[in-house]
Structure formats: structure tokens, C-alpha cells
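Worksheet: one structure, shown below.
The values are calculated or read from the model by the stated rules, or taken from the named source; none is laboratory data. Fair warning: this is a prediction, and the values are worked out from it, not measured in the lab. Ideal geometry is used to build each Cβ from the backbone, glycine not excepted, and the neighbour counts take in all protein chains shown.
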Amino acid sequence: MVIITAGMIGVGKTTLTGKIAEHLNTKAYYEPVGENPVLPLYYANPKQYGFLLQIYFLNKRFSMIKQALSDDNNVLDRSIYEDALFTRENNAEGNISDTELEVYLKLLDNMMADLNRLPKKSPDLMVYSETDFETILYRIKKRGRDYEQIDQNPELKDYYYKMWNAYKDWYRDYDASPKMKIDLEKYDLEEPQNVKAVLSMIDDRLKDIRH
């Protein structure tokens, strides 16, 4: 059983990933953020480092999804299936040229073709997390990564809002596996009873998929 989590930065999906993995006694694969040397450079100068950042993430996510699909029972914090969402937005913002986008998409196609040759070709379930936009901003501020703060870079607020909207369309169109949506504003994972409720919903969805 392979589960992937998805959602806007700051929504709480990394916390959710850990809760699911602990609940199911499986391995959690986490998004490479803390050890990412390109990410702070990107936030400081997105037009110079946009393409490099997307290639860095694509390489890491390809490696992670291959490992996850090859192993038994794990949970993956963000995956290759939503990577192009960020790349297209960077292209729309002028941070990535049309030529760079074309190179990226061809590379992504080759990687997806490689995944299709694996015995297990896709996840069993995608769990998408959402909240309202103000909650996103609050949680980004609370976790305190300097380069993510809109107080230091007001233009980030517009970027976050565009990504928050773009994710709604992404979830609607996602069809690589069964999916479900969790409201992490209503079910704030800092409250133990909410964790229990969310994990119960995921259990129920997995039962539906197995049947």
C-alpha cells in the first residue's frame, strides 16, 4: 500500500504524513526541503534559480516515488505527480522560460514512462489537504523559515495565493490514483481528537479501495 500526501505549503501535510505513517506502521518519505541548497536561493532570486529548483525537486521526487513504489507500505510527503504544478506556475510568473518548461516536461514524460515499467505503477491513494488562505499564511509564519516569510518579501503573498488557487484545479484533475480530500482547518492536527478523526476517514477510504 503506497499513500501520497499533497497540498499547499504550510497546509500541514508533512504533519499528516507522519501521523499516517505512525498509524499504519509504515515508512514515511519526506519532501527534501531542509537539506535543499537551492530553495533559499530561489526565494531570494526566483528568476535566476527557478529552473534549477524545479530540476532539483524533480530529480529528488523521481527517486523517492521509484523507491516508494518498489517498497512495501509507505507514505510519501508530496510526490512527482504535483511537481509540474509548481513548474507551470514558475513559467507563468516568468521565472522559467518556455524553452526551460519544454525541457522539463520532456524529462518528466521520460520519468513517468520509466515508472510505468515498474511492477507497481501508481500509488493506492492520494490524500489532499486544504485550508483557507489565511490559515496557510498563519502556518507558514508559525513554522518560521526565514525565506518563506511575507514580512520580508511581500511579493510572496501573491505567489502563495496563486498556488493556493492552482491546487484546487490540480486536485480536480488528478487521476493517477484514487484520491480524497481532508480539511485541515476543520481538523487541526494539533488536537488529538482531530488526528483520530482524520485517520479514521483515511482508514474508511482505504477499505473502499480494497473492496
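Being out of contact with any strand residue (DSSP E or B) (no Cβ under 6 Å at 6 or more places or on another chain) and outside any helix (DSSP H, G or I) holds for only one residue in E134, E190, and it is E190. Please tell me if I209 is buried (at least 18 other Cβ atoms within 10 Å of the Cβ), of a type outside the set (G, A, S) and not in a loop (DSSP other than H, G, I, E, B). No, not satisfied. Inspection of region 69-91 finds a residue satisfying the criterion of being farther than 18 Å from M163 by Cβ and either among the basic types (K, R) or assigned to a helix (DSSP H, G or I) (or both).
Taking the criterion of being touching a residue at least 40 places away in the same chain (Cβ under 8 Å), over 14 Å from the mean Cα position of the chain (by Cα) and within 27 Å of S200 (Cβ to Cβ), the residues of region 139-178 that qualify are R139, R143, A176, S177, P178.
Exactly one residue out of F62, F57, F51 is part of a helix (DSSP H, G or I) and under 12 Å from the mean Cα position of the chain (by Cα), and it is F57.
Could you go through region 22-33 and let me know if any residue there is assigned to a loop (DSSP other than H, G, I, E, B), out of contact with any Ser or Thr (no Cβ under 9 Å at 6 or more places or on another chain), closer than 23 Å to D71 by Cα and not hydroxyl-bearing (S, T, Y). Yes, some residue in region 22-33 is assigned to a loop (DSSP other than H, G, I, E, B), out of contact with any Ser or Thr (no Cβ under 9 Å at 6 or more places or on another chain), closer than 23 Å to D71 by Cα and not hydroxyl-bearing (S, T, Y).
Under the condition of being farther than 12 Å from M126 by Cβ and either among the β-branched types (V, I, T) or touching a Cys at 6+ places or on another chain (Cβ under 7 Å) (or both), the residues counted in region 3-16 number 4. Looking across region 104-129, the residues that are in a helix (DSSP H, G or I) and in contact (Cβ under 8 Å) with a residue 12 or more places away in the chain come down to Y104, L105, L107, L108, M111, M112, D114, L115. Taken residue by residue, region 136-158 has no member that is over 30 Å from N194 (Cα atoms) and of a type in the set (K, R).
Would region 41-57 turn up any residue that is in contact with a Ser or Thr (Cβ under 6 Å, 6 or more places away or on another chain), at pLDDT 95 or above and either surrounded by fewer than 14 Cβ atoms within 10 Å (Cβ to Cβ) or not small (G, A, S) (or both)? Within region 41-57, one or more residues are in contact with a Ser or Thr (Cβ under 6 Å, 6 or more places away or on another chain), at pLDDT 95 or above and either surrounded by fewer than 14 Cβ atoms within 10 Å (Cβ to Cβ) or not small (G, A, S) (or both).
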